[in-house]
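The values are calculated or read from the model by the stated rules, or taken from the named source; none is laboratory data. This is a predicted model, so every value here is computed, not measured. All Cβ positions, glycine included, derive from the backbone under ideal geometry; neighbour counts span all protein chains shown. Quick note on the areas: whole protein, heavy atoms, side chains included, nothing else; ligands and nucleic acids left out. Shrake-Rupley method; radii C 1.70, N 1.55, O 1.52, S 1.80 Å.
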Amino acid sequence: MRMRIGFGYDSHRFEKGRRLVLGGVEFPGEDGLAGHSDADVLTHAVIDALLGAAALGDIGSHFPDTDERWKGADSVAMLASVVKEVRAAGYAVGNVDATVVCERPKIGSAVDIVRQRLATAMGVGKGRVSVKGKTNEGMDDVGARVGIVVHCVALLEELRGR
Ligand code: MG
């Protein structure tokens, strides 16, 4: 089977008064992130990993932050639309592995719900989606709670007969 790998990275600053959404799941009582859409930094990194694996550009070229259409947009809906494009290009999602780096919140207890939400958006089983949380051990701006950073890799499988 032919496979392709992609890497995605995203970062957003905290902004008071906004809700925090990670992988389509809201974290009540936590500071939210600044951004044009719902600022779902995790879903954005997943989108970029998938687009990268298919060599279909990046999230900015698909959903420009100058476009009013994407203001406050649901990033999980953006992910579902990207997966459609990836499939149209001849690939199926193999697996996705993301690492969320922040001092707060601790996402451990929500990881299963987040994995399920992302898996549903991508039309794959939860077993193909991994989400891991870790702190930056107090180092640098992420350690100083300025924002959240996410790294993600994705593997695509070439659909047969293409
Ligand atoms: Mg982003």
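Of all residue pairs spaced 6 or more apart or on separate chains, none has beta-carbon atoms under 6 Å together with a first member in the stretch 49-72 that is within 18 Å of residue 97 (Cα to Cα) and a second member that is loosely packed, with under 11 Cβ neighbours inside 10 Å and at pLDDT 95 or above. Considering only residues in the stretch 62-81 that are away from the ligand (no atom under 13 Å from the Cβ), part of a helix (DSSP H, G or I) and among the small types (Gly, Ala, Ser), the one that is farthest from residue 24 (Cα to Cα) turns out to be 81.
Given the condition on the phi < 0 side of the Ramachandran plot, without any contact (Cβ under 8 Å) to a residue 60 or more places away in the chain and small (Gly, Ala, Ser), answer yes or no: does some residue in the stretch 10-33 qualify? Yes, some residue in the stretch 10-33 is on the phi < 0 side of the Ramachandran plot, without any contact (Cβ under 8 Å) to a residue 60 or more places away in the chain and small (Gly, Ala, Ser).
If you check 4, 115, 104 for being away from the ligand (no atom under 16 Å from the Cβ), out of contact with any His (no Cβ under 9 Å at 6 or more places or on another chain) and in a helix (DSSP H, G or I), only one passes: 115. If you go through the stretch 7-29 and keep only what is open to solvent by 100 Å² or more (accessible area, probe 1.4 Å), basic (Lys, Arg) and part of a loop (DSSP other than H, G, I, E, B), you end up with 16, 19. Is it the case, given these coordinates, that residue 39 is open to solvent by less than 30 Å² (accessible area, probe 1.4 Å), closer than 23 Å to residue 115 by Cα and modelled with pLDDT of 95 or more? For residue 39, the condition - open to solvent by less than 30 Å² (accessible area, probe 1.4 Å), closer than 23 Å to residue 115 by Cα and modelled with pLDDT of 95 or more - is met. For the stretch 87-96, state whether one or more residues are open to solvent by 10 Å² or more (accessible area, probe 1.4 Å) and farther than 19 Å from residue 125 by Cα. Yes, the conditions are met somewhere in the stretch 87-96.
The condition of being part of a helix (DSSP H, G or I) and more than 12 Å from residue 118 (Cβ to Cβ) holds for residue 48.
Taking the condition in contact with a Lys or Arg (Cβ under 6 Å, 6 or more places away or on another chain) and either under 22 Å from residue 141 (Cα atoms) or open to solvent by less than 50 Å² (accessible area, probe 1.4 Å) (or both), does residue 32 pass?
Answer is yes for this residue.
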